[in-house]
Amino acid sequence: MKIKPKLLKRFLFIIFWLLLISSFCFFAFLIILKANGYTINLKSRKIIKSGMIILDGKPKNAIIYLNQEKILTTLPGKITNLFPGDYEITISYQGYKPWQKSITVLPGKASAYQNIILFLETPENISEPLKINLEDFKNEAQNNTQEIELLGAEIYLNKRLITRFSQNITAAFVFPDKYHLVVQIENEILIIDLDGSNIQSLFKLTFKTPTSIVFRDSGKTIYYLKDDQIYGKIIQK
């Protein structure tokens, strides 16, 4: 039986509009879900409350990787609509040591890390002397240790355990931003985040005895003592 052209045309017209309306409703539904912090997990076929990761720090044009996949090229950065779970974040910039952290995303929550600093792979020596007398230098360095307690390989800040190393700690100082600690272990100068993670080596000294450390330019430069002589390095730009 042949379908009349007029009837076929009307039938196709109705199908077209039904598909159009269905598509509109479907995508509107997805938009509403995302706007309210939900996303669809195709594997489990469930609607899940998503989370996000917020990152900020310097340098501002650093590259952000999520599970080794390049995802953002600037700080601050926000990674949204993430399924709950663990993610590996790497922030890198040419000539700097990368910042790496395993971050757990919770449903409906934002995991925020807003005091990230990348440090130079190879700190630069400072030839220009620091204009400060030796006594003032030592007093300033001592002020940077007041909230710190060292117990062998353990380091505490305001009586809270930060981390435990495999070797005894020689000396430690609070970084100017109050979100990092600079630690000396034997002849190595390290920097760590306050949650005890992301431990990085800044540079090595030519001696193992405890040194005194002060900072300038919001922590971009670091000065230390050797035989009552002041030496400096640029650790970030």
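Among the listed pairs Lys58/Lys78; Lys49/Lys159; Lys101/Lys208; Lys58/Lys208, which are separated by more than 26 Å between their Cα atoms? Kindly include the intermediate steps, with their values, before the conclusion.
Details: Lys58/Lys78 15 Å; Lys49/Lys159 37 Å; Lys101/Lys208 30 Å; Lys58/Lys208 31 Å.
Over 26 Å apart, Cα to Cα: Lys49/Lys159; Lys101/Lys208; Lys58/Lys208.
What number comes out for accessible area per residue over the stretch 79-122 if the probe is 1.4 Å? Units Å², please. Spell out each step's value before the answer.
Values: 2230 Å² over 44 residues.
Here the residues of the stretch 79-122 average 51 Å² of exposed surface.
Enter the accessible area of Leu151 (Å², nearest 10), with the probe set to 1.4 Å and all protein chains included.
Only protein atoms counted, so the area is about 90 Å².
Please say if the stretch 197-237 is rounded, prolate or oblate, where rounded means a/c under 1.5 for a ≥ b ≥ c the square roots of the C-alpha gyration tensor eigenvalues, and otherwise the choice is prolate for a/b larger than b/c and oblate otherwise? Display every interim value, and only then the final one.
Values: a/c = 2.18, a/b = 1.25, b/c = 1.74.
Oblate, because a/c is 1.5 or more while a/b does not exceed b/c.
Can you tell me the length gained on complete extension of the stretch Asn143 to Asn61, counting 0.36 nm per residue apart and subtracting the Cα distance?
Values: separation 82, 0.36 × 82 = 29.52 nm, distance 3.35 nm.
Taking 0.36 nm per residue and subtracting the Cα distance, the gain is 26.2 nm.
If Tyr65, Tyr224 are ordered by their accessible area, calculated over protein heavy atoms with a 1.4 Å probe, which sequence runs from highest to lowest?
Working: Tyr65 60, Tyr224 30 Å².
Sorted by accessible area, descending: Tyr65, Tyr224.
If I model a spin label at Arg216 and Glu121 as a point 7 Å from the Cα along the Cα→Cβ vector, what separation in nanometres do I get?
Inter-label distance under the simple model: 2.7 nm.
Might you work out the accessible area of Phe83 for me, using a 1.4 Å probe with all protein chains in place, and round it to the nearest 10 Å²?
70 Å²
Set the Förster radius R0 to 41 Å, insert the Cβ-Cβ distance between Ile21 and Phe83 as r into 1/(1 + (r/R0)^6), and round the FRET efficiency to 0.05.
Working: r = 30 Å, r/R0 = 0.73.
That pair, Ile21 with Phe83, gives E of 0.85.
Return the whole-Å distance between the Cα centroid of the stretch 204-218 and the Cα centroid of the stretch 64-111.
31 Å
Within the stretch 78-133, what whole-number % of the accessible surface is contributed by carbon and sulfur, with the 1.4 Å probe and all protein chains included in the calculation? Spell out each step's value before the answer.
On the way: 1490 of 3310 Å².
Looking at the stretch 78-133 in its full context, I get 45 percent from C and S.
Mind ranking Glu154, Glu121, Glu135 by accessible surface for me, highest first, 1.4 Å probe? Can you show the working numbers first?
Values: Glu154 40, Glu121 105, Glu135 130 Å².
Most to least solvent-accessible, the answer reads Glu135, Glu121, Glu154.
Starting from the Cα of Glu186, step 7 Å along the direction of its Cβ; do the same at Gln114; then give the gap between the two resulting points in nm.
For the pair Glu186/Gln114, the computed spacing is 4.0 nm.
The values are calculated or read from the model by the stated rules, or taken from the named source; none is laboratory data. Predicted model only: the values in this text are computed from it and were never measured. Please note: Cβ atoms are built from the backbone with ideal geometry, for glycine as well, and neighbour counts cover all protein chains shown. Surface accessibility is based on the protein's heavy atoms, side chains included, excluding ligands, DNA and RNA. Shrake-Rupley method; radii C 1.70, N 1.55, O 1.52, S 1.80 Å.
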